[in-house]
Amino acid sequence: MIDIHIPASLEYNTANSSLLATELKKLDSIDGVAEWNKKATAEVAALYTILETIAGKQEKVRQVLFQDQQEHKAKPFFKKIFDLRKEQKRWLAEQSRLAREKAHIEALIKQFESAIAFMPENLDDVKVMIKECKQQKEELLTEKKAVNDQISSIRVEARQQTANTNYGNYGKGDRRRIRLNKESALRPQESQKAAIERQVKELGQVIIWLERFE
């Protein structure tokens with residue numbers, strides 16, 4: 001299932017995006033794809049316009065904060081101490097809010113553009129896309145097997161090193177160092193494995209979604 005998650009926003013009305021996300025879940029024929037693509041493309045254009053508006057607001061906030069900073073620097077020392085600068089805190093909060101809004105809208109645009117990219121134009125296109133997804137899924141599973149082999153190798157080596165340490169407290173420091181080295185070596189491998197598993201799951205969902213058009 002290709003799904004679009006709509007974030008809450010104070011910068012734009014999410015009603016149309018939510019409607020498109022619901023329509024996407026219900027798509028089951030090639031005839032409906034073209035119309036959805038048309039509306040989704042228009043929504044993406046509208047979201048880019050909102051990003052430009054946010055950028056303008058961010059620049060305004062930046063200028064206000066800069067001006068406030070300059071005025072604060074010019075004040076006498078004792079006035080600086082008792083200056084609560086409530087207005088600056090308000091603008092800093094607004095700056096953080098706008099940054100979050102920008103990130104959410106950028107993520108939403110990415111979701112729409114990804115969904116549009118997986119929209120089949122005809123039945124032949126459906127077959128090609130399913131074949132490509134299955135091939136990529138197999139490649140990822142092969143990559144996952146290689147990562148699993150590396151993880152097993154790291155653990156076996158650590159066990160062998162631990163077995164060769166001195167018994168009891170004499171080898172405690174060596175065993176601790178071996179454990180830390182093992183965890184350090186496993187960390188990137190396990191992260192890679194998790195990323196692969198996530199991609200495999202997503203591809204599986206895309207394949208199931210595409211098969212509804214066959």
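Tabulated data
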item	result
All positions within segment 138-174 that are among the small types (G, A, S) and farther than 28 Å from L203 by Cα	S153, A158, A163, G168, G171, G173
Extreme residue, surrounded by the most Cβ atoms within 10 Å (Cβ to Cβ), among residues of segment 114-124 that are out of contact with any Ser or Thr (no Cβ under 9 Å at 6 or more places or on another chain) and not small (G, A, S)	M119
Unmet criterion (only one of (1) surrounded by 13 or more Cβ atoms within 10 Å (Cβ to Cβ); (2) over 23 Å from the mean Cα position of the chain (by Cα)) for Q63	(1)
Qualifying residues in segment 1-46 (those that are among the charged types (D, E, K, R) and in a helix (DSSP H, G or I)) - the one nearest to E94 (Cα to Cα)	E43
Residue among K57, K127, K80, K38 that alone is surrounded by 16 or more Cβ atoms within 10 Å (Cβ to Cβ) and either in the same structural domain as I2 (by TED's automatic domain parsing) or modelled with pLDDT under 95 (or both)	K57
Failed criterion for Q150 (all others in (1) closer than 30 Å to L180 by Cβ; (2) in the same structural domain as L27 (by TED's automatic domain parsing); (3) of a type outside the set (G, A, S) hold)	(2)
Checklist (1) touching an Asp or Glu at 6+ places or on another chain (Cβ under 9 Å); (2) modelled with pLDDT of 85 or more; (3) surrounded by 11 or more Cβ atoms within 10 Å (Cβ to Cβ) applied to L10, failing item	(3)
Any pair with Cβ under 8 angstrom, 6 or more apart, that starts in segment 1-17 at a residue that is touching a residue at least 12 places away in the same chain (Cβ under 8 Å) and more than 17 Å from K102 (Cβ to Cβ) and ends at one that is of a type in the set (S, T, Y) and in a helix (DSSP H, G or I)	I2/S114; I4/S17
Single residue of K89, K145, K102 found to be in a helix (DSSP H, G or I), surrounded by fewer than 12 Cβ atoms within 10 Å (Cβ to Cβ) and not assigned by TED's automatic domain parsing to the domain that holds I208	K89
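The values are calculated or read from the model by the stated rules, or taken from the named source; none is laboratory data. Keep in mind that this is a model prediction, so the values were computed, not measured. We place every Cβ from the backbone using ideal geometry, glycine too, and count neighbours over all the protein chains shown.
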